[in-house]
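Peer 1: Please see the structure below; I have some questions.
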Amino acid sequence: MNSSNILLIPYYNQACFMYACAAFIELLSEPFYLLITVTRNYSINIYIQFIASIIGFGLQTYLIINNPECSLYYYGIGYIIYSLIITLSYYIYFLKQKKEKRRELFIISSLSDLLLKPTSPFVDHKLVNNTLKFFKQGISIKLLTEGEKYLMIFFNLISYEEQGIYHIIYLLTNIFPRLIFSTMEQISFNYFQQTFSRTKLNENISQNYCFIQDDQMLLKRRKDDQTISRNNYQPPTPNGM
């Protein structure tokens, strides 16, 4: 990337820095997003993201329209506000709940449960190969679907203005398929994740709640609830006795 072209664009470096900070801040909210998805409380995610999008991107649009010469700067500010609202909303909502409610919504009851704890073995060697396969597959898909963007950026094939025009046209032509199929993909993923078991629990591990991983947490809890309900069930007696 030519540094002389970057100097001609106002607030380019500041916008890149703010966008990176926004990505890091939003990453701090991912544990709560995943836990709420596992417990199927999707409405919480929807409300938080809706409010953050309205405030963050609405303010971003207003500032850019009134100050187009500083559009990159306000673009970064909008994303920082969006990520801050999402992250703070998750943490505040979690801390305001009682311990029993936290376990119901998030499976965990304390922020310390999100911290990494030393285990033995530290790495599950059975899943390393699958992880590497998914990683390679993700890179291949990224290169095949958006490879032309990397060529334009790293080899300076076209100017920044032409890249912006290309990106706008690309987004406009894919807006309706993205709105439809991305939603269907998310719904299907959540459905099959909760319906089918992807891993098989070891009998020794299944007896300990602390080592239940992935979607088996809910599966284990459902089995225990069913067992308790059977034990507490009393068959009706004649004449209501």
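Peer 1: Before anything else, pin down the relative contact order of the stretch 1-110: Cα pairs under 8 Å, at least 6 apart, normalised by residue count, whole percent.
Peer 2: 39 percent
Peer 1: Let me ask you something else. Bin width 5 Å, origin at 0, all Cα-Cα pairs of the stretch 1-110: what percent of pairs per bin?
Peer 2: Percent of Cα pairs in each bin: 2, 12, 18, 19, 14, 11, 9, 7, 5, 3, 1, 0.
Peer 1: So, by mean Cβ neighbours within 10 angstrom, what's the order for 110-118, 79-87, 98-106 with the highest one leading?
Peer 2: So the order, starting with the most tightly packed, is 79-87, 98-106, 110-118.
Peer 1: If you don't mind, there's one more thing I want to ask. Taking K and R as +1 and D and E as -1, what net charge do the other residues with C-beta under 9 Å from the C-beta of Ser110 add up to?
Peer 2: Local charge sum for Ser110: +1.
Read the figures in this text as sums done on the coordinates, not as results from a lab. Computed from a prediction, not measured in an experiment: that's the story for all the values here. In this analysis, Cβ positions are derived from the backbone assuming ideal geometry, glycine residues included, and neighbour counts consider all displayed protein chains.
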